[in-house]
Amino acid sequence: MSYAKDSSQPRREIMLATQDDDGGNFRPFFSQAIPERPKDNGLRFMVFADNKRIFTGDHVIECSTSLETCTDAKLLPVEYPAEVAAGDHIGHRWSEMIIAPDNRHVSWTTLFANYSAMVFTGELERTPAGYRIIKTRIVSTVDPFVRDPRHADGVLPKPVRGGEVKQFVHGGTAISLAGARHRDLADSTVLHLKSGEVEAITDTPGYDETTIFSPDERLGVVMSSRFSAGTDLALLGLMPRPYPDSLNMGLNSLAYNYSVSGVRQKRPGSIGPALIEIAPSKTRPGYTGTNLNTSPAWVFASPLSWHPSSSRAMWIEGQRGARGEQPRRMQAVRLLDYKRGPVVAARLTPRRMAYASGDLSIVPGYAAKAKDVDVKVYGKHSGYITYRRTPAGTIEKTYANFSDDGRALYVGRETMQNNPRGNSTYTADVTLRGPKQGVMKLTMTFGPATDFYDPSRILFTPDASGVPLSHGYTEYDGKRLEVSALTP
């Protein structure tokens, strides 16, 4: 655990200790200032499976014995590949980074200055000066479209691999991350490294992030807005639309700012965490799991850690609305009647991934430009979708009698004008005909996030004609959600 002597201690003056989970045997083993490096993203504390090292993002804290008996902790720098280490094209070298059970493979998500991102894997190699990352691979999708052989002016969307990494799973052969699969808002997914397959772990209409799996991988804990009707933007994901990953409407950044940052800072609501059983979460429609939040004044802040027994977990919560150093507390759950399964054994992290690329020379170019997208996707049965995205934040998606299966048919239009420093407006006028019918007829305007403590809000003030800037509804398969029911 990390701790401080008092509130005046500088943020980068790090003190670490081990402690039994009953509060006993508090034993410090590290106290040192960890240097700030350009393009870093703060500090993380990812403990290696060997229990001798901690990956902080840009450094490794290394002991010759276990952390519980360590007396010689060293702080060693980590050298990233030059293409992601620094430069004008880099926003943050890593937003999150993780270490595999083999104590060697790592993965991280790099955020670029143009608000795009890439997911990488690599191997940590010990050097006389510290560590460096070698054998780096790009495992996220670089281009989500291929030429349509049946239509000269068409493309075929590919499933999009990517998102923010949080945990190696399946023994180190897969990665749990926040990504996209079936909805326009983020869900929890798993990237199977050998095949490149993206598997949905959650499927809720609102905003979900990454699942942290229990050691037996039968349970998980996920940050989610699903239990908070007033701040859950489920009406944006309730009605499924075709290709929400490759033809996305740029809704996730607004959803995070409103449903997560807003709830953490000022807006009444909940982001869980949700305790889920993995199997029904993947297969049972409407499955929500159990809300582990116990107080409306405290909000899940991450990270989360499972006990080796898979029957206990612990996480951090912050007090809503506090400026500066937010008061924190540690929460724990004990699953007294849970019958655990065997711990998933460590396996070799795949080195051969046919879909991945080791050509890092493409990174600066990919990151430095905000690429225009203007494509046409023909339905397998009828119609087409046109999709246009510009560097100025405009996204337009038009459905012209589009159907892939001859049953579900889409007609209408979605638009987004994204302005991080001003108002951002999303509109939808889309009709779905078929066995499960639906309508999206809404406009939502989000105000700017003025600073970290004042996240974006939904604007309901009237326009010049007297119509609220945010209004309308989504209806799908007999369920209706109104914009007016949301908290400003």
Worksheet item: What residue, of Val439, Val467, Val375, Val430, is without any contact (Cβ under 8 Å) to a residue 24 or more places away in the chain and more than 30 Å from Gly321 (Cα to Cα)?
Response: Val467
Worksheet item: Of the residues Leu43, Leu76, Leu16, which single one is over 28 Å from His307 (Cβ atoms) and either of a type outside the set (Gly, Ala, Ser) or assigned to a strand (DSSP E or B) (or both)?
Response: Leu76
Worksheet item: Which of the following residues is outside any strand (DSSP E or B) and either of a type in the set (Phe, Trp, Tyr) or under 24 Å from Ala49 (Cα atoms) (or both): Lys135, Lys194?
Response: Lys194
Practice prompt. Using the structure shown, decide if Pro285 is surrounded by 13 or more Cβ atoms within 10 Å (Cβ to Cβ) and under 30 Å from Pro159 (Cα atoms).
Written response: no
Worksheet item: Just one of Ala400, Ala345, Ala332 is closer than 29 Å to Ser195 by Cα and among the hydrophobic types (A, V, I, L, M, F, W, C); which is it?
Response: Ala345
Practice prompt. Among residues belonging to the stretch 290-301 that are within 22 Å of the chain's Cα centre (by Cα) and free of Cβ contacts under 8 Å to residues at least 40 places away in the same chain, point out the one that is surrounded by the most Cβ atoms within 10 Å (Cβ to Cβ).
Written response: Val299
Practice prompt. Scan the stretch 262-276 for residues that are surrounded by 16 or more Cβ atoms within 10 Å (Cβ to Cβ) and touching a Gly at 6+ places or on another chain (Cβ under 7 Å) and jot them down.
Written response: Val263, Arg264, Gln265, Gly269, Ala274, Leu275, Ile276
Worksheet item: Of Ala186, Ala174, Ala180, which residue is aliphatic (A, V, I, L, M) and either more than 20 Å from the chain's Cα centre (by Cα) or more than 17 Å from Ala255 (Cα to Cα) (or both)?
Response: Ala174
Worksheet item: Which condition number in (1) surrounded by 17 or more Cβ atoms within 10 Å (Cβ to Cβ); (2) over 27 Å from Pro350 (Cβ atoms) is the one that Thr71 fails?
Response: (1)
Worksheet item: Of the residues Arg241, Arg183, which is under 27 Å from His381 (Cβ atoms), surrounded by 23 or more Cβ atoms within 10 Å (Cβ to Cβ), at pLDDT below 95 and not aromatic (Phe, Trp, Tyr)?
Response: Arg183
Item to complete: Test Leu432 against the criterion of being surrounded by 19 or more Cβ atoms within 10 Å (Cβ to Cβ) and more than 16 Å from Pro244 (Cβ to Cβ), and give yes or no.
Response: no
Worksheet item: Out of the residues in the stretch 31-58 that are under 30 Å from Val344 (Cα atoms) and among the polar types (S, T, N, Q), which is surrounded by the most Cβ atoms within 10 Å (Cβ to Cβ)?
Response: Thr56
Worksheet item: Within the stretch 440-486, how many residues turn out to be assigned to a strand (DSSP E or B), at pLDDT 95 or above and surrounded by fewer than 18 Cβ atoms within 10 Å (Cβ to Cβ)?
Response: 8
Fill in: Checklist (1) closer than 30 Å to Ala367 by Cα; (2) outside any helix (DSSP H, G or I); (3) of a type outside the set (Phe, Trp, Tyr) applied to Glu83, failing item
(2)
Discussion item. Every residue in the stretch 47-80 that is of a type in the set (S, T, N, Q) and either under 24 Å from the mean Cα position of the chain (by Cα) or at pLDDT below 95 (or both), please.
Written reply: Thr56
Worksheet item: Filtering the stretch 351-390 down to residues that are of a type in the set (A, V, I, L, M) and over 30 Å from Glu123 (Cα atoms), which residue is surrounded by the most Cβ atoms within 10 Å (Cβ to Cβ)?
Response: Val377
Worksheet item: Does Arg351 satisfy the condition of being farther than 26 Å from Asn248 by Cα and touching a strand residue (DSSP E or B) at 6+ places or on another chain (Cβ under 8 Å)?
Response: yes
Worksheet, complete the sentence: Checking Glu79, Glu125, Glu96, Glu83 in turn, the sole residue that is among the charged types (D, E, K, R) and in contact with a Pro (Cβ under 7 Å, 6 or more places away or on another chain) turns out to be Glu83
Practice prompt. Mind listing whichever residues of the stretch 444-457 are out of contact with any Phe, Trp or Tyr (no Cβ under 6 Å at 6 or more places or on another chain) and either within 19 Å of Ser228 (Cα to Cα) or touching a residue at least 40 places away in the same chain (Cβ under 8 Å) (or both)?
Written response: Phe446, Ala449, Phe452, Tyr453, Asp454, Pro455, Arg457
Worksheet item: In the stretch 158-181, which residue that is out of contact with any strand residue (DSSP E or B) (no Cβ under 6 Å at 6 or more places or on another chain) and not hydrophobic (A, V, I, L, M, F, W, C) is nearest to Phe45 (Cα to Cα)?
Response: Gly172
Worksheet item: Just a yes or no: is a residue in the stretch 139-157 touching a residue at least 12 places away in the same chain (Cβ under 8 Å), β-branched (Val, Ile, Thr) and surrounded by 24 or more Cβ atoms within 10 Å (Cβ to Cβ)?
Response: no
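The values are calculated or read from the model by the stated rules, or taken from the named source; none is laboratory data. Predicted model, so just to flag it, every value in this text is computed and none were measured. As a convention, Cβ positions derive from the backbone with ideal geometry for all residues, glycine included, and neighbour counts pool all protein chains shown.
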